[in-house]
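Below is one structure, written out as structure tokens, with a few remarks after it.
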Amino acid sequence: SVRLRLCDVANAQEDAFADFDTLMAARVAECDAYYDAVLPPGLDAEAREISLQAYAGLLWSKQFYHYRVDKWLAGDPLLPLSHPVASGRRNREWQHIFARDVIAMPDKWEYPWFAAWDLAFHAVPFARVDPVFAKKQIVLLLREWYMHPNGQIPAYEFAFSDVNPPVHAWAAWRVYQTDAERTGVKDREFLTGVFQKLLLNFTWWVNRKDEKGQSIFAGGFLGLDNIGVIDRNQTLPDGSHLQQADGTAWMAFYCSCMLRIALELAHDGERVRPAYEDMASKFLAHFVQIVEAANTHGGTGLWDETDGFYYDHIRRGKDSIALKSRSLVGLLPLIAVEVLTDAEINLLPGFKERFDHYQKHNEHMRRCLAHPGGSGKWLLALASRPHLIRVLRYLFDEEEFLAPHGIRSLSRWHLKNPFKLQLNGHTSSISYDPGESTNDMFGGNSNWRGPVWFPINMLIIEALERYDGFFEGGLRLEYPTHSGNNLTLTEIAADLRRRHTLLFRRDDQDRRPCHGTDGRFVTDPAWRDLLLFHEFFHGDNGTGLGASHQTGWTALVATMIEELAG
């Protein structure tokens, strides 16, 4: 233990530690009192401790970040290594960036810089303990000294031009909701400002990442570094291009989130705001276009009717190669789901008029929307009920995606059945790898070929609940697959949350799965009650992997714990 006190030397006491223990006890009491007001009252002692340490790590991740790209490119004139701006030098297209802010880092020790999609996930648990900071973080990367004039959000320091998944609209909506629940006040100014900037980013996606103008999107790694059998960040040879199931799903999800925000802003108390009705109609129509494109059969869509799964495709002219590895790439279409009600539609006459027109005259809209009789609800989903059921059979299978502690990033089926691809005389393969990468591959040493990752898991869990909000318990599926046990999607979502929290709870052998076989966390009193919130977790046994300190998005476990407690 180290005791430290910072003080003005001129006013330092003769013994600066004379009242140290008293002051520390007071600070601990104040901290406990704050969390008593923040955390749900029904948490057991272990759940409370997990949440407290998750929040502590999240708060610890704040760091001052200063980076002027133009100055960095110009070099230091006082040093012999100064250099002119070179055409190939990193981030040369981002010379407007002037970062001088306190930002939540992915991991303060191993990743001491911002990452766009990490930051969006950090903001969600932050909203529970510091909603002001959470909102500032959402807004920050949309400022003109970060966002590119063309609308792109910078990805991360080592390659601002990389493309991260577009999760800012979802994060903004979640932060807005959490803030309103805590304070009783809806911060429409925050939501309006974010929406306006995200319109620029959405347009950038449409213009840059839909190569053929067919509402089928790509984007490269999209955060899932080595999940594919090929390097998705590289241009394909011979005029081929990649169409991504995850890229298309992310854009459908982006549409659904922007639709939800537009509907919220379109009705302010007794006042209807026609401009936002128009935007809601725009995102509804765009969502339907993407859904129709992704599900089109006959070789032009991403849905495989034989397998009942979504795949990336390599396309060249009329030829197509489906990259048939079962991974999160094919599960992400599930997150693009939203439920509308007649009650909210009827509040907006302009939106209702266009909605009714679409229903009457747009065949794609009729195929996309589901409206069971008498419920007053409409289901907007990339994966309609038949597609949903087939994909969920894989998701809920313990020999496929369902792990003891969450959802695997690649199906365990590939352990014995690697997917192999022959392309241009070269054979590539992908197999299930539950822990750290066992071989060198594109994307470095991060691993999306088996381990459990909190951020994507969180989105899938929430999507299951949105689906059930439409089905109202009327869709019961076998969970786990082959178990004979049928549950509603809400009940399944709760169990998935529980599985994630079990990573940090003691098992019947007094071990926490996240610590693996490290005995110090069992027997050493100085280590026993400490938790590490790793970057990702072993797909079979739950051992924490990757960055090993206080990785921000794994603080989502606190959100999961509190949602389980109601």
- Message: Looking only at the stretch 405-416, count every residue that is touching a residue at least 12 places away in the same chain (Cβ under 8 Å) and out of contact with any Lys or Arg (no Cβ under 6 Å at 6 or more places or on another chain) and tell me the total.
- Response: 7
- Working carefully through the options Val206, Val229, find the one that is assigned to a helix (DSSP H, G or I) and of a type outside the set (Gly, Ala, Ser). Val206
- Query: Which fully enclosed helices (runs of 4 or more DSSP H) of the stretch 258-373 have 1 or more residues being hydroxyl-bearing (Ser, Thr, Tyr)?
  - Reply: 274-295, 349-361
- Query: Scanning the stretch 500-530 for residues that are in a helix (DSSP H, G or I) and touching a residue at least 40 places away in the same chain (Cβ under 8 Å), which turns out nearest to Ala47 (Cα to Cα)?
  - Reply: Thr501
- Within the stretch 45-72, work out how many residues are loosely packed, with under 11 Cβ neighbours inside 10 Å and more than 30 Å from Gln95 (Cα to Cα). 1
- Item | Only listed residue being within 21 Å of the chain's Cα centre (by Cα), within 24 Å of Ala381 (Cα to Cα) and open to solvent by 30 Å² or more (accessible area, probe 1.4 Å), chosen from Glu465, Glu472, Glu478 | Glu465
- Message: Given the criteria assigned to a loop (DSSP other than H, G, I, E, B), in contact with a Ser or Thr (Cβ under 6 Å, 6 or more places away or on another chain) and either open to solvent by less than 50 Å² (accessible area, probe 1.4 Å) or over 29 Å from Asp268 (Cα atoms) (or both), does Phe221 qualify?
- Response: no
- Message: If I ask for residues that are over 20 Å from the mean Cα position of the chain (by Cα) and not in a helix (DSSP H, G or I), which ones from the stretch 381-395 would you list?
- Response: Ser384
- In the stretch 230-264, what residues are of a type in the set (A, V, I, L, M) and farther than 30 Å from Gly350 by Cβ? Ile230, Leu236, Leu242, Ala245
- Test: Gly443 is at pLDDT 95 or above and in a loop (DSSP other than H, G, I, E, B): no
- Sole miss for Ser429 among (1) assigned to a loop (DSSP other than H, G, I, E, B); (2) in contact (Cβ under 8 Å) with a residue 60 or more places away in the chain; (3) open to solvent by 30 Å² or more (accessible area, probe 1.4 Å); (4) over 24 Å from Ala463 (Cα atoms) is condition (1)
- Message: Here's a check for you: in the stretch 2-16, which residue that is under 26 Å from Ala526 (Cβ atoms) and at pLDDT below 85 is least open to solvent (accessible area, probe 1.4 Å)?
- Response: Ala16
- Task: Can you tell me which residue within the stretch 327-346, out of those that are more than 20 Å from the chain's Cα centre (by Cα) and open to solvent by less than 10 Å² (accessible area, probe 1.4 Å), is nearest to Asp268 (Cα to Cα)?
- Result: Ile345
- Message: Just the residues that are over 22 Å from the mean Cα position of the chain (by Cα) and among the polar types (S, T, N, Q), please, taken from the stretch 513-566.
- Response: Thr517, Thr523, Asn541
- Task: Pairs only if they're at least six apart or on different chains, beta carbon under 6 angstrom, first in the stretch 478-494 and within 16 Å of Ala403 (Cα to Cα) and in a helix (DSSP H, G or I), second open to solvent by 60 Å² or more (accessible area, probe 1.4 Å) and at pLDDT 95 or above; list them, first residue then second.
- Result: Ala493/Glu465
- Message: Against the definition (buried (at least 22 other Cβ atoms within 10 Å of the Cβ), touching a Cys at 6+ places or on another chain (Cβ under 6 Å) and under 26 Å from Ala172 (Cα atoms)), how does Phe287 come out, yes or no?
- Response: yes
- Before we move on, is Gln550 modelled with pLDDT under 95 and surrounded by 18 or more Cβ atoms within 10 Å (Cβ to Cβ)? yes
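The values are calculated or read from the model by the stated rules, or taken from the named source; none is laboratory data. Values in this document were obtained by computation on a predicted structure and should not be read as measured data. Cβ: placed from backbone, ideal geometry, glycine included. Neighbour counts: every protein chain shown. Heads up: the accessible areas ignore ligands, DNA and RNA and are worked out on the full protein's heavy atoms, side chains in. Shrake-Rupley method; radii C 1.70, N 1.55, O 1.52, S 1.80 Å.
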